[in-house]
1. Restrict the check to segment 314-324 and report whether at least one residue is closer than 30 Å to H378 by Cβ, of a type in the set (K, R), in a strand (DSSP E or B) and within 16 Å of the ligand (Cβ to nearest atom).
2. From D383, D362, which residue is acidic (D, E) and touching a Ser or Thr at 6+ places or on another chain (Cβ under 6 Å)?
3. Would you point out the residue of segment 354-368, among those that are modelled with pLDDT of 95 or more and away from the ligand (no atom under 12 Å from the Cβ), that is nearest to P409 (Cα to Cα)?
4. Can you tell me which residue in segment 292-311 is nearest to the ligand (Cβ to nearest atom), limited to those that are assigned to a loop (DSSP other than H, G, I, E, B) and in contact with a helix residue (DSSP H, G or I) (Cβ under 6 Å, 6 or more places away or on another chain)?
5. Take A59 and decide whether it is in a strand (DSSP E or B) and at pLDDT 95 or above.
6. I'm trying to understand the selection: among the residues of segment 441-476, which are part of a helix (DSSP H, G or I) and more than 30 Å from A72 (Cβ to Cβ)?
7. Would you check which residues across segment 287-302 are modelled with pLDDT of 95 or more and more than 24 Å from the chain's Cα centre (by Cα) and list them?
8. Of all residues in segment 397-413, which are more than 9 Å from the ligand (Cβ to nearest atom) and either in a loop (DSSP other than H, G, I, E, B) or in contact with a Pro (Cβ under 7 Å, 6 or more places away or on another chain) (or both)?
Amino acid sequence: MRDIFSHRKRLAITITYQHHSDRGQGLNMDASQQEPTADQPRDDIFWVHDLGWDGRGVARRSDGRVIFIWGALPGDSVRADVVDDPPKGPLSGELRAVLEPSPQRVPHPCPHYYEGCPASLLGAVRREFSLNWKRDHLVETFRRIGGFEGVLVEDVIPSPRQWRYRERLEFTMQRIGELLKMGYQTRDGLLPIQDCRLGGEELVGPYRQLRRALPMLDEHPHLGEEIPLRLLIRANGRGQAVAVVFVIGKEVPDLDPLVAWLGKADLVGWQIRLSKSVKRRYFGSKLIREEGETTVYQTIVGHELPTEPISFAQANVRASKLLVRLALEHVTPESNLLDLYGGYGAFGLEHALRGGRATVVDSSPSGIEAGRAFASEHNLPVDYVAHDLGKTEGLEVDFSKYDAILLDPPRSGVEQQMLELLDNKGPSRVVYVSCHPAALARDLRRMKHYTTSLIIPVDMFPSTSDLETIAVLDRA
Ligand SMILES: C[S@@+](CC[C@H](N)C(=O)[O-])C[C@H]1O[C@@H](n2cnc3c(N)ncnc32)[C@H](O)[C@@H]1O
C-alpha cells in the first residue's frame, strides 16, 4: 500500500499499489471506490482522455464540461474535486485519488512526484507512450491552431537521456515556519527538494551539500522572507558546478551568511547577484560578489566557448547538439545564414564551422560578446548585431542578403511586427525552432508567403510535457 499524490497539508489518499505480472508495478483501484454507473453519474470521478501541454490531465464532467487535473494521466480513472468552476471555459480539478491507473503508468523514480512535484509528470508513463503522445499532440495543435492538414510531422527524436539531462536547475529559497528551505513552487506552496532527477550528475553533490548546510541560514530570518532568494546551480561544461544566488531587492544585504553557506559546497565558483525583481533576474541583475571560476563553457564542434553563468544556453546539452545538427541539415552548407534570436550563436557558429557565413542577432549583450570573441578567435565569418527583435525599427540587417533564416525565439514566439517583416522580405528558406508548439503553429499560420514542408519534434525535455520543434518553411 502506498500513497500517491497525497497533497501535503491536504487529503491523505489511499491507493493500493500491486504487482501485476503482465505490466510490472501498477496502481490498483481502491476497493472503497466504485466507478459511476450510467444512471448514477458522479461529478467527482473522471476518466482522463488526454493531456494538455502544461502536463495536466484532460477529462470531461458528466455535463460535458472539460476539466484539467494536475497529476492525472491519459487512461487514468481518477477522483478529483472541482476547485475552479468558471462560468465559461475549462474547470480545474484537484486530484484526490487515482482509482484505476492508466495501463501506460510506470512507477515514477522520484519520491517528490508522490508529494505533488510537477517537474517531471511524464516520468510516470512509459517513455514510448510519452514520445507518441507528444507527436500526436503536436499534429493536433498544428491542425487546431495552425489550421494545417497533412503537414509531414516526423516521429519525435528522443533525447539521449530521459533523466539527469539538465545542465542547470533553479530553486526557490523560502521560509517554511522558522526554517529556510530550497525547492520548487507548486500550487500548494514550496515543496522542499532533496534531489531533482532532471539535473545532471555534476549538480547532485554540490546541491546536496548546500541543502545540508541550509540550517546555518535559519538564524538570519530576513533571508528567504523579506528578501526572496533563488539558487541557480549549473554545470560548467567541464564536469563541475557553478552556483548563482539571486537576491531580490533594492539594497545589498549583509552577504556574510550567504558567502559562508556557499563555501560549504564543492562548487568551482559562485556569484551573488542583486535583482530588483524575480522576473528581471537574468537580464537585469547586478553582480555583487563572486568567488572562484564562474565561467560556463559551451562546446561548439569541439571548441569551447566561455559564457557567463546567467547567459542563455539550452538546458539539455546532449539533445541540443542533435537539434542544431538537424536544423542545419535544412540550410545549404556554404550559404549566408541569418540567425535571429541567436544568443551566442549556437546555430550561426556551427554553420560557419561547416563552411558557411552567418549574422547572429540577439538582445543579450553577454551572449553577443561571448560569440563575437569566439568567432574572432577562430577566424569565423560570423557577425553579431545587438537588437531587440520586438521592434523592426533600427534593425540594420538587410534580409535580401541571406539565403536562409534560422529563428529560435523565446516561448512566446515572434512579435507580430517582426513576423510581418519576415513574411514579406524573408529568403526562400526559413527554419523555425520553437519550444512552444502552440506559439509555433500560430506564427506559421500568420506567415502567408511560406509553406511548411516538414516538422521535426525533438524531445529536449524528457519526462515533462514540453517539446522542442523544428519547422522547415519554403517561400511559396
Ligand atoms: C530560445 S533562446 C535561443 C538562443 C540560441 N538560439 C541558442 O540556441 O542558444 C532565445 C534567445 O532569444 C533572445 N531574445 C529574447 N527576447 C528577445 C528580443 N526581444 N530580441 C532579441 N532577442 C531576444 C534571448 O536572449 C535568447 O538568446
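1. No, segment 314-324 has no match at all.
2. Every option except D383 fails the conditions.
3. T359
4. Selected residue: S311.
5. In short, yes.
6. D443, L444, R445, R446
7. The answer is L287, I288, R289, E290, E291, G292, E293.
8. The answer is V397, D398, F399, Y402, D403, A404, I405, G413.
The values are calculated or read from the model by the stated rules, or taken from the named source; none is laboratory data. The shown structure was predicted, so the numbers you read here are calculated from the model rather than taken from an experiment. Reconstructed Cβ throughout: ideal geometry from the backbone, glycine too, with neighbour counts over all protein chains shown.
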